[in-house]
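Notes to accompany the following structure.
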Amino acid sequence: MEEDIKSRIFKYKIYSDKKSFKSYLREVWKDLKNRTSTRNIQKSEKIKGITFEIFLSFYSLPLLISKRLFKIMNNSLFNVLLIDDFVEGITDLFYYEEREYNLNSEIYNEKELKLIFKICDFDNDGFITKEDINLIKLYIPFPEEIINEKLFINKSTINYEDFINPSNKLFYEYFLLFLLKNTPFHKFCLSVYEKQINSIDNEKIENRRRSNSSKNTINQIEKCPRRKSLFNENQSNENNITLEYNNNNFQNYFEYSIFSCPNLLFENSQIDNQNYFKIKNGNFSKKYETESSVGRNSTTMSSYFTNDFDFNNNHNIYFEQKYTFDKKNSNSKYINYFDYNESEDENYYEDEKIDFDDIIVPQQCGYLFKQSSKNGLFKKTYYKLCGKDLYFFSNCESLKHEGMHILINVFIKEDYNPVYFNGKLYYPFSIIYSNHEKIYYAPDNESKNKWVIKLKTAINYEDLNDKYIIMNQIGKGRFASVYLGFNKKTNKKVAIKILDKNEMDDEDIKLTYNEIELLKICKNEKKIVNLYRNFENENYFYLVLEYCEDTLLNYLQERNFLIPEKDAKKIILKLCEIISYIHKKGICHRDIKIENILLIEKNNINNIILSDLGLSTLLINNEKKNDPYGTITYVAPEVLNKEFYDKKIDCWSLGVISYLLLGGCLPFNNENNEEIFHSILLIEPNYENLLNRGISFIGINFVKKLLNKNPNNRINIEEALDDPYLKFN
């Protein structure tokens, strides 16, 4: 097993040139920094780095792990990641000095072990507790032997020296493998970048060598005046050197980079989208396939998803082989195309087995035009796409790119009308980033279509309407509408939640991304509504959710909120189990209310689930927050007082619901919000109402423990589950 783990770790390590890898990371950082929204960060932070949300879109890990990694890498006083911290942190994690795998060599270093230890040390005190490890195991799918492994032997906490004990080797090796397997890099794309940088360096060296050689030749000619000229009369020394250099460079391009000499590989710098190369056994072999039709409908978007072990967006895939260009196909104008094996059913988030030999990378190159914002003139620029990396050059002969964009969290818009400029027709499309849009103009419609198809492939583009049928509206919120839908493949009912970005501010959008990540964490547990798929375009979020036949609110309304105590108790117990489940994962819901409790089957209170994690947050161990979120009639006193709170605010909401189930009405309710505030902060609920309903004393006492206005004296969710009211009939 040890050999298998180490070989798998090596497979995901980056062992290219360290200098070029860091150069690549610096360019990635600069591009990501420009996408940071400036609305919700301080002025001093605006130009300094990338936010956590941008970092998460780049390196997609479970939310808890991502937050810990971001915090550990951030050595500044700001809430953004500075360039040196980003580059050094990613390099320390992914880079490996050796290019050959050796079982006897260490595949990881001390920096990586310390990083894993710090991720597990949630309170940053230099010690890891059993609770820390148990929480980590909820987020990372360790094998069974790891889950059962005893990291603590007669100790309540362990320090770093205890942690790196050989007996714990399987734990931190699998942890490292998990971090590496969710890589944001393609080795092939990195190799293209490395060869491109090396070509520039080689050119500089060659130019210096030839410059010195030229000087020596001139000196020799001066010393030997009878010697004839080395060049023809109509041919200069400079041109001859250039010609010789290009001949040498041809071989470099031919062997190392499919991008570096596009005129040799592609006819007229255009690419046939009906054919591509497929990577197989380390070589490019030609394969003929027709691309599937995409974007046929007006609602188009890119898809983000994950699986049990690869908490990424299906774009974070490594190449296992060392890639060389197949010289048999050297005259072909086609290049390889990146495709994905995707599941179309509701188990979309389940573990997917990916054959790394079958991975193909989308590529495209050619001239596009951009319109100057200063004078309105069109500027011709040469672009090259490799995977998700879009490079731009001054011209097709240029070795050094002027810049790059990484195509994550972007959208492609193509529904533009052609435009005339100086008597010529241009065909626009755009790439939409989080805070800006870049419009590109193709010289002809065919070229535009080829670029759009390749770009859509790079961003994992899908059309929601190709997968689902959207029916009638079944719910509505502040900026969200919920529709009944059907999976076209399985005909299974789904609920499609559509959120309008135009009605949302930056904080709302941030919370939506947060909800998506938390729903991924809680998938398939029958506690939280399942997120099957999620789509997004520049205007909307689309969450494809588990369809539930009824709501608890509707169930109670049909019975005039009068249900037997045994049924109320059954619902309360189920709700306690759900809250315990999310609390163990470090999630504080912050908006538990009767409207967010769903019945999977109509009239069946034995199978309830919780929905809407839109206001939820992570609170790990003793962490607290003070940002006010919630629904007025369910919110805890400490939230209203703008005090720091912990997960016990969910227990207060549980108390409100328990009172409603047992008493038939809300404990704090009034048409005037100020009166509700006053009641929550200062007035005790009317427990006489519960007595009049015939509720048992032990049941009333249970509600009192939950609705204690002092959070220090309020019971937590585990104490609620152990309460005699729920524990005994």
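Quick note: the coordinates plus some simple rules give every number you see, no bench work behind them. Because the structure is predicted, anything quoted here is derived from the model rather than measured. Neighbour counts are summed over all protein chains in view; Cβ atoms, including those assigned to glycine, are modelled from backbone coordinates with ideal geometry.
For a quick protection proxy, order the peptides 401-409, 50-58 by their average other-Cβ count within 10 Å, most packed first.
Packing order, densest peptide first, comes out as 50-58, 401-409.
Normalise the Cα radius of gyration of segment 365-446 by 2.2 N^0.38 Å (N = residues in it) and let me know the number.
1.10
Averaged across orientations, what area in nm² does the convex hull of the alpha carbons in segment 379-498 project?
Spelled out: convex hull of the Cα atoms, projected over all directions, averaged, 10.5 nm².
Obtain the nm distance between the two label points defined at residue 577 and residue 394 by a simple spin-label model: each point lies 7 Å from its Cα along the Cα-to-C-beta direction.
Simple spin-label model gives 6.9 nm for this pair.
Which pairs, out of 379/448; 384/454; 413/492; 489/593; 13/48, put more than 23 Å between their alpha-carbon atoms?
Listed pairs above 23 Å: 413/492; 489/593; 13/48.
Roughly what would the spin-label model give for residue 643 and residue 381, points 7 Å off Cα along C-beta, in nm?
With each label point 7 Å from Cα toward Cβ, the separation is 5.5 nm.
Label-point separation (nm) for residue 508 and residue 415, each offset 7 Å from Cα along Cα-to-Cβ?
Roughly 2.1 nm, to one decimal.
Along its three principal axes, how long is segment 435-533 when you only count alpha carbons? Whole Å, largest extent first please.
Between the extreme Cα coordinates on each principal axis of segment 435-533 lie 52, 36, 27 Å.
Roughly speaking, what is the stretch gain from residue 728 to residue 606, that is 0.36 nm per residue apart minus the C-alpha to C-alpha distance, in nm to one decimal?
Gain in length upon complete extension: 42.1 nm.
From the Cα gyration tensor of segment 550-727, with a ≥ b ≥ c the square roots of its eigenvalues, which class applies: rounded if a/c is under 1.5, or else prolate if a/b is larger than b/c, or else oblate?
Rounded.
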